[in-house]
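A short write-up of the structure that comes next.
The values are calculated or read from the model by the stated rules, or taken from the named source; none is laboratory data. Since the model is a prediction, treat every value here as computed from it, not as a measurement. When we count neighbours, we look across all protein chains shown, and the Cβ atoms used for this are built from the backbone with ideal geometry, even at glycine. Ligands, DNA and RNA are stripped out before the accessible areas are found, and what is left, the full protein with its side chains, is counted by its heavy atoms. Shrake-Rupley method; radii C 1.70, N 1.55, O 1.52, S 1.80 Å.
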Amino acid sequence: MRIAEETILKILESAGDLNKEQIEELVEQAKTEKTDLQELVAKQNILSDSELIKAYADEIGVEYVEINPKELDKAVLKQIPEHIAKLYNMVVFAGAPDDKDTPKSVAMEDPDDLQAVDVLHKLFGQKITVYIATHFNILSALDQYRGNIGSEISKIVTGDEDEEEVDEEVSEEDIAEDSPIAQTVNLVVEYAIKSGASDIHIEPRDREVLIRYRVDGVLREANRLPKKTLAALVSRIKILSNLKIDERRAPQDGRFKINMNGRVFAFRVSTLPITEGEKVVMRVLDESSEPLSLETLGFWGKALDDINRASRQPHGMILVTGPTGSGKSTTLHSVLHILNKPDVNISTIEDPVEYKLEGVNQTQVNPVAGMTFVAGLRALLRQDPNIIMVGEVRDGETAGLAVQAALTGHLVFSTLHTNNAATCLPRLLDMNIEPFLIASVVRVVIGQRLVRRLQPEDCEEYTPNDKEKKEIERVFGIKTKADWDSIFSLVNAAQDHFGKPKTTKLTLWRPKADLPETKTGYKGRMGIYEVLSNEEEIQKMIVSNATSDEIQSQAIKEGMVTMQLDGLIKAMIGMTSIEEILRVTRE
């Protein structure tokens, strides 16, 4: 939807992010580049799509709505025929279909489209309430007209699942653009995006092919296909990813992109030979999404202050630790997005490049061509960078170069695979980095895990009984009333930061017991963190070869909130459940 330039200018003035001169410069730039002012505002991240539409809604006096596609009732949705809904970009999201007296709530991309409003009056009479929603939100809602993945695939793929002979030969017709297998791959990918999956697993079993999605960190079965479809399915994915079709005995890595509803998604593909055939895992990356702020990721209090202070330093090293899939890259890219200014040169060396950042020089590792982390880092240092991001410190040579870069006036970001923040420092010692260098260059170490976030309307508050409270005290090492007092002071600080209601007693939250099977009570994920700031006492301990436990104890004395404690605090204010915290942190 195009918004008039005069309205955009009004919105920019009322938003207050830009002064009069900056707005005039923006208008001049739009004229010079012969582009639309609305496009330029979005391109330069001055206002996000949702912020712009919210402001426009206030301007025209129409209420803004953000629809959750997963919660749409199909019966309600289908009150407008699919072809009409897609023609006018509008969806019914509330209003019982069997009750003509109930007003229908309709979200539209353009509430000023008189033809669309006329169609609505013909369908429902005068009993409609029109809302405005973003273009992408409407498109995501329109996707819900489709059935579930099982029924959709069963329309395409038919076959005898008891068939024992599996033909490994794949013909060109099997994997052509319009073949049933190609349509199946398209559906598998499309439903993964609609489900909010982070990974797609295609796993051969003895007599079938299992398709599973990882949603909010938990694997869920999506569908089963006949075993005879495996070879063609894998070959089709290999074609998309530019991999060798005839290589089935060695693992391969590739990548492909698709455009869906105006958003670009990249799929990082990994194939692996297993006993039953070739397994394929695809990591789903939304390249259209903006990096989240540190507050949105779940940082708060001293941890947030320590990261902000360290990232403002002209040189030094900031490390993020955690296992695979704990959100390390997301955290790093969020910090880089904050630091990404026109007067700063940011260069990265990554394997692979997961998030594209506008204005950042990103390099992909390619060992075949000789582009390793070490070679790439050496080259980056000749490119006059202010900030360097090394995707992962895997060996002593990479660690040594990164430390040298931090010593010579660069701000260096990287990741390490360790269990917590304190273990990271002895790990660098194992890589033959001198203790005095570690003490000198490391500014902060972030340890993190990802937990599922509770959906407010699908969860309930409860008070744990004595047995549960004792178990919490045992697991989290709470021994005295002073410990509880300290925790409640942190809880109050977290409540202020996240805008949660105050509590003075131990209450926890959990998904409601009567939720339908399609709901888990959780939606999305957030981080639980510990941020170890390398202060003077800890520097002395590093030089004297202290253990990770000793370093951890000193950091806690200096005010570090451990990952488990951060999780307990977030469970007490209703952001997640205690079960989630124990699932990812129990040792």
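Show me 299-308, 240-249 ranked by packing, highest mean number of other Cβ atoms within 10 Å first.
Details: 299-308: 19.2, 240-249: 13.9.
Those peptides, ordered most packed to least, come out 299-308, 240-249.
Cβ neighbours within 10 Å, averaged per peptide: list 118-124, 572-578 in order, most packed at the top.
Working: 118-124: 14.4, 572-578: 22.7.
Packing order, densest peptide first, comes out as 572-578, 118-124.
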Evaluate the Debye formula for segment 223-285 with equal point scatterers sitting on the alpha carbons, no solvent, and hand back log10 of I(q)/I(0) at q = 0.16, 0.23 Å⁻¹, in q order, two decimals. -0.54, -0.98
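Rolling a 1.4 Å sphere over the protein heavy atoms, what is the accessible area per residue of segment 475-580, to the nearest Å²?
Ligands and nucleic acids excluded, the figure is 49 Å² per residue.
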Go through segment 416-425 residue by residue and turn each phi into a ³J(HN,Hα) via Karplus (6.51, -1.76, 1.60, θ = phi - 60°); whole Hz please, and just put x for glycine and proline. 9, 8, 9, 6, 8, 5, 5, 5, 4, 5
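Please compute the per residue accessible area over segment 6-115 with all protein chains in place, 1.4 Å probe, rounded to a whole number of Å². Mind showing how you got there, number by number?
Working: 6500 Å² over 110 residues.
Counting only protein heavy atoms, the per-residue value for segment 6-115 is 59 Å².
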Rank Gly521, Ser548, Leu532 by how far each Cα sits towards the positive end of the charge dipole of the chain (+1 on Lys, Arg Cβ; -1 on Asp, Glu Cβ) and give me just the farthest. Ser548
If you restrict to DSSP beta bridges whose two residues both lie in the chain, what percentage is antiparallel, to the nearest 5? 65
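Hull surface divided by four, with the convex hull built on the Cα atoms of segment 338-431: how many nm²? Before the final figure, lay out the partial values.
Values: hull surface 26.6 nm².
If you wrap the Cα atoms of segment 338-431 in a convex hull and average its projections, you get 6.6 nm².
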Hey, can you grab everything whose amide H is under 5 Å from the amide H of Asn223? Only 5+ residues off in sequence or another chain; H modelled, so Pro and N-termini drop out. Ile211
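Can you give me the % of accessible surface on segment 446-506 that is carbon or sulfur? Probe 1.4 Å, all protein chains present, nothing else counted. Don't skip to the end; give the middle numbers.
Values: 1810 of 3650 Å².
C and S fraction of accessible area: 49 percent.
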Restricting attention to the alpha-carbon atoms of segment 399-479, what are Rg (one decimal) and Dmax (integer), both in Å? 20.0, 56
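What share of Cα pairs, in percent, lie more than 14 angstrom apart in segment 276-332? Walk me through the intermediate numbers first.
On the way: 1106 of 1596 pairs.
For segment 276-332, the share of Cα pairs beyond 14 Å comes to 69 percent.
Given axes a ≥ b ≥ c from the Cα gyration tensor, I'd like to know whether segment 227-373 is rounded (a/c under 1.5), prolate (a/b larger than b/c) or oblate.
Values: a/c = 2.23, a/b = 2.11, b/c = 1.05.
Prolate shape, in that a/c is at least 1.5 and a/b is the bigger ratio.
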For Met389, enumerate residues with amide H under 5 Å from its amide H, sequence gap 5+ or separate chain, H modeled in the peptide plane. Ser347, Thr348, Ile349, Phe413
Over segment 175-301, with every protein chain in place, what whole percent of the accessible area is carbon and sulfur at 1.4 Å, could you tell me? 48
For the chain, I need the span (max minus min coordinate) of the C-alpha atoms along each principal axis, in Å, sorted largest to smallest. 78, 66, 63
Between Ala197 and residues 5 or more places away or on another chain, the pairs with built amide H atoms under 5 Å apart involve none
What accessible area per residue comes out for segment 357-401, rounded to a whole number of Å², with a 1.4 Å probe? 51
